[in-house]
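Trainee: The structure's right below; bear with me while I get my questions together.
The values are calculated or read from the model by the stated rules, or taken from the named source; none is laboratory data. Model, not experiment: these values are computed from the prediction. Note that each Cβ is placed from the backbone with ideal geometry, even for glycine, and that neighbours are counted across all protein chains shown.
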Amino acid sequence: MAEKTVTACLLIIGNEILSGRTQDANLAFLGTRLNDIGIRLMEARVIPDVEATIVATLNEVRVRFDYVFTTGGIGPTHDDITASCVAKAFGLPLTLHPEAHARLLAHYPKGDLNESRLRMAHTPEGATLIDNPVSTAPGFQVENVFVMAGIPAIMQAMFDGIVHRLVGGKPLLSRSLTLAMPEGRIAKDLGALQEAYPDVEMGSYPFNRQGNFGTRLVLRATDPARLSAAAKGLDRIVVALGGQGQWDQDPA
């Protein structure tokens with residue numbers, strides 16, 4: 001019986017990302033860290049600070065993927081609506097979380113925990129907190145949904161605190177080959193190799209460096225033996241075409 005692939009989806013929430021004013025730095029981090037523990041990030045979506053969109057998207061993806069991660073929208077301002085949207089998606093009331101409240105009371109000087117900051121202590125009823133060792137205000141988890149900050153340093157610290165809650169499968173291994181050859185020249189043979197190794201993902205990525213066209217070929221699989229065999233097959237194709245390539249790792 002084939003081992004189940006554990007899947008994840010990332011929802012990047014925020015008008016500032018869609019407008020281009022803020023560049024997302026969380027996708028690459030999560031994709032890498034999740035793969036390290038055997039969880040495949042299968043999809044990422046950037047959505048606006050619109051309640052109906054957040055609720056509908058969350059309800060769609062939380063039943064399709066094993067894990068859903070959200071970034072952004074849990075700060076103190078009026079447009080930070082992620083917590084209330086998650087509550088609505090799950091049909092839960094948004095309540096003042098006593099532990100989150102206590103943490104913010106301890107963090108801010110007396111009298112500085114105003115109404116706006118207190119918004120960051122509200123979670124869907126029954127949520128499990130996600131620690132924030134950087135700026136105290138926590139994220140939270142409801143079932144398979146993990147709600148984290150959008151600021152990369154805070155999101156990364158939050159993720160480090162929840163890794164032990166995640167159960168993955170086999171990590172996806174990868175090897176890449178850089179060729180001084182346009183992809184059109186190797187495309188047919190690469191297609192045949194993919195048919196021979198359906199369990200190995202094969203991607204072709206052309207590039208142009210100072211007017212010289214080349215191709216980066218990436219092989220990915222959970223089985224190291226199958227990955228190695230596919231890499232050797234690719235080597236044979238390149239040699240037959242009279243080309244040369246450089247592996248990022250030893251393909252033996």
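Trainee: Which condition number in (1) surrounded by fewer than 19 Cβ atoms within 10 Å (Cβ to Cβ); (2) out of contact with any helix residue (DSSP H, G or I) (no Cβ under 7 Å at 6 or more places or on another chain); (3) modelled with pLDDT of 95 or more; (4) of a type outside the set (Val, Ile, Thr) is the one that Asp131 fails?
Mentor: Every condition holds for Asp131 apart from (2).
Trainee: Next question, about the same structure. Which pairs turn up if I take residues in the stretch 23-47 that are in the same structural domain as Val68 (by TED's automatic domain parsing) and look for partners that are surrounded by fewer than 16 Cβ atoms within 10 Å (Cβ to Cβ) and among the polar types (S, T, N, Q) with beta carbon separation below 7 Å, at least 6 apart in sequence or on another chain?
Mentor: Arg40/Thr5; Ile47/Thr53
Trainee: Would you confirm whether any residue within the stretch 12-19 is in contact with a strand residue (DSSP E or B) (Cβ under 9 Å, 6 or more places away or on another chain), closer than 20 Å to Asp160 by Cβ, part of a helix (DSSP H, G or I) and among the hydrophobic types (A, V, I, L, M, F, W, C)?
Mentor: We begin by selecting, within the stretch 12-19, every residue in contact with a strand residue (DSSP E or B) (Cβ under 9 Å, 6 or more places away or on another chain); these are 12-14, 17-18.
Restricting the remaining residues to those that are closer than 20 Å to Asp160 by Cβ gives 12.
Add one more test, that the residue is part of a helix (DSSP H, G or I), and what stays is none.
Checking the stretch 12-19: not a single residue is in contact with a strand residue (DSSP E or B) (Cβ under 9 Å, 6 or more places away or on another chain), closer than 20 Å to Asp160 by Cβ, part of a helix (DSSP H, G or I) and among the hydrophobic types (A, V, I, L, M, F, W, C).
Trainee: Return the residues of the stretch 75-93 that are over 25 Å from the mean Cα position of the chain (by Cα) and over 10 Å from Arg119 (Cα atoms); say none if nothing qualifies.
Mentor: Listed by number, the residues that qualify are Gly91, Leu92, Pro93.
Trainee: Among residues belonging to the stretch 20-56 that are of a type in the set (A, V, I, L, M, F, W, C), within 16 Å of the chain's Cα centre (by Cα) and assigned to a loop (DSSP other than H, G, I, E, B), point out the one that is farthest from Met155 (Cα to Cα).
Mentor: Here is the first cut: in the stretch 20-56, the residues of a type in the set (A, V, I, L, M, F, W, C) are 25, 27-30, 34, 37, 39, 41-42, 44, 46-47, 50, 52, 54-56.
Narrowing the set further to residues that are within 16 Å of the chain's Cα centre (by Cα) leaves 25, 27-30, 34, 37, 39, 41-42, 44, 46-47.
The next check asks that each one be assigned to a loop (DSSP other than H, G, I, E, B); those that pass are 25, 37.
Values: Ala25: 10, Ile37: 17 Å.
Only one residue fits best here, namely Ile37.
Residues checked against (1) in contact (Cβ under 8 Å) with a residue 60 or more places away in the chain; (2) surrounded by fewer than 19 Cβ atoms within 10 Å (Cβ to Cβ); (3) not basic (Lys, Arg); (4) not assigned by TED's automatic domain parsing to the domain that holds Leu94:
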residue	(1), (2), (3), (4)
Ile154	no, no, yes, no
Met158	no, no, yes, no
Gly161	no, yes, yes, no
Leu179	yes, no, yes, yes
Ala187	no, yes, yes, yes
Glu195	no, yes, yes, yes
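Trainee: Checking Glu195 against (1) more than 29 Å from the chain's Cα centre (by Cα); (2) at pLDDT 95 or above; (3) of a type in the set (D, E, K, R), which single condition isn't satisfied?
Mentor: Failed condition: (1).
Trainee: If you don't mind, there's one more thing I want to ask. Consider Asn59 carefully, then state whether it is at pLDDT below 95 and either in a loop (DSSP other than H, G, I, E, B) or polar (S, T, N, Q) (or both).
Mentor: On the way: at pLDDT below 95: no; either in a loop (DSSP other than H, G, I, E, B) or polar (S, T, N, Q) (or both): yes.
No.
Trainee: Are any residues in the stretch 109-128 crowded, with 22+ Cβ neighbours inside 10 Å and either among the acidic types (Asp, Glu) or over 22 Å from the mean Cα position of the chain (by Cα) (or both), and if so, which ones?
Mentor: Met120, Ala121, Thr123, Pro124
Trainee: Continuing with the same structure: At least 3 residues that are within 28 Å of Lys4 (Cα to Cα) in each: list the strands (runs of 3 or more DSSP E) lying fully within the stretch 190-252 that qualify.
Mentor: On the way: elements: 201-209, 212-221, 245-247.
The qualifying strands (runs of 3 or more DSSP E) are 201-209, 212-221.
Trainee: Go over the candidates Gly203, Gly150 one by one and state the one that is closer than 30 Å to Val68 by Cβ, among the small types (Gly, Ala, Ser) and loosely packed, with under 15 Cβ neighbours inside 10 Å. Let's see the steps before the verdict.
Mentor: Values: Gly150 fails: loosely packed, with under 15 Cβ neighbours inside 10 Å.
One residue alone meets the criteria, Gly203.
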